[in-house]
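Down below is the structure, laid out as structure tokens.
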Amino acid sequence: MRRGLAIKAVVKYLLTVIVVALLLFVPAGGFDFPNGWLALALLFIPMALFGVVLFIQNPALLARRLSSKEGRQGQKVISHLMSLLFVAGLVSAGLDARFGWTMVSGWLVFGSSIFFLGGYALFVVVVLQNEYLSRTVVVEEGQRVIEDGLYGTVRHPMYSASIIMFLALPLVLGSLVSLVIFLCYPLLIVVRIGGEEAILDQELEGYEEYKSRVRYRLIPGVW
């Protein structure tokens with residue numbers, strides 16, 4: 001079982017690296033795209049390290065994270081829109097680098113890289129705090145409400161982390177055009193949360209009481 005999981009994880013990881021590289025470097029017209037290489041490093045080096053840690057310490061959680069088939073129609077539409085947004089954001093960054101539409105200062109690229117890594121660190125903490133965390137909206141048998149750690153502050157800290165990363169990524173890539181596209185991501189997250197919480201209210205025991213204790217969804221004191 002662990003061997004099969006390892007093969008699946010490695011294959012999916014390599015395919016993702018290849019697809020993202022193609023989405024960046026083909027529109028850029030070649031490999032002379034330093035911001036593209038920086039983005040690849042920030043995306044995939046931490047991912048590989050964290051994947052190894054999960055494989056050793058919690059293979060069941062890694063298996064959940066590898067599952068990306070959304071079963072509910074409404075959430076499936078949002079998932080597809082997010083994928084299209086990601087593709088459009090990367091392609092536009094490559095085209096921006098090729099044709100020089102916009103410029104981002106080196107200091108902003110550096111600061112955005114730190115911001116991105118901070119978002120990734122937050123994401124890692126969330127994954128370690130929630131053993132039921134998957135990439136799809138699903139309630140498992142025996143699942144309980146997680147309300148410790150970051151879940152005691154906001155109800156969806158994983159989405160908070162992903163918003164930080166997705167808004168930092170286009171600036172890492174040096175593209176304001178890509179940033180405009182990625183600004184749609186938080187709006188999709190808001191829609192996804194609405195559908196997800198409707199499901200959790202119905203299927204996860206204790207979730208409505210949890211909502212009354214933790215008022216904020218994404219940003220403490222705001223929403």
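The values are calculated or read from the model by the stated rules, or taken from the named source; none is laboratory data. These figures come from a predicted structure and were not determined experimentally. Neighbour counts run over all protein chains shown; Cβ positions are idealised from the backbone, glycine included.
Here are the numbers:
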{"quantity": "Filter result (among the small types (Gly, Ala, Ser) and touching a residue at least 12 places away in the same chain (Cβ under 8 Å)) within region 139-197", "calculated": "Gly149, Gly152, Ser160, Ala161, Ser162, Ala168, Gly174, Ser175, Ser178, Gly195"}
{"quantity": "All positions within region 175-223 that are more than 11 Å from Tyr159 (Cβ to Cβ), within 19 Å of the chain's Cα centre (by Cα) and among the β-branched types (Val, Ile, Thr)", "calculated": "Val180, Ile181, Val191"}
{"quantity": "Unmet requirement for Glu196, which otherwise passes all of (1) at pLDDT 95 or above; (2) in a helix (DSSP H, G or I); (3) not basic (Lys, Arg)", "calculated": "(1)"}
{"quantity": "Residue list for region 197-223, restricted to those being touching a His at 6+ places or on another chain (Cβ under 8 Å) and not basic (Lys, Arg)", "calculated": "Leu218"}
{"quantity": "Residues that are assigned to a helix (DSSP H, G or I) and among the hydroxyl-bearing types (Ser, Thr, Tyr), drawn from region 141-187", "calculated": "Tyr151, Tyr159, Ser160, Ser162, Ser178, Tyr185"}
{"quantity": "Residues satisfying the stated conditions in region 80-99, i.e. of a type in the set (Gly, Ala, Ser) and either modelled with pLDDT of 95 or more or surrounded by 16 or more Cβ atoms within 10 Å (Cβ to Cβ) (or both)", "calculated": "Ala88, Gly89, Ser92, Ala93, Gly94, Ala97"}
{"quantity": "Condition check for Val138: part of a loop (DSSP other than H, G, I, E, B), hydrophobic (A, V, I, L, M, F, W, C), modelled with pLDDT under 90 and in contact with a helix residue (DSSP H, G or I) (Cβ under 6 Å, 6 or more places away or on another chain)", "calculated": "no"}
{"quantity": "Filter result for Gly118 (without any contact (Cβ under 8 Å) to a residue 40 or more places away in the chain, surrounded by fewer than 18 Cβ atoms within 10 Å (Cβ to Cβ), among the small types (Gly, Ala, Ser) and part of a helix (DSSP H, G or I))", "calculated": "no"}
{"quantity": "Hey, Gly30 surrounded by fewer than 17 Cβ atoms within 10 Å (Cβ to Cβ) and modelled with pLDDT of 85 or more or not", "calculated": "yes"}
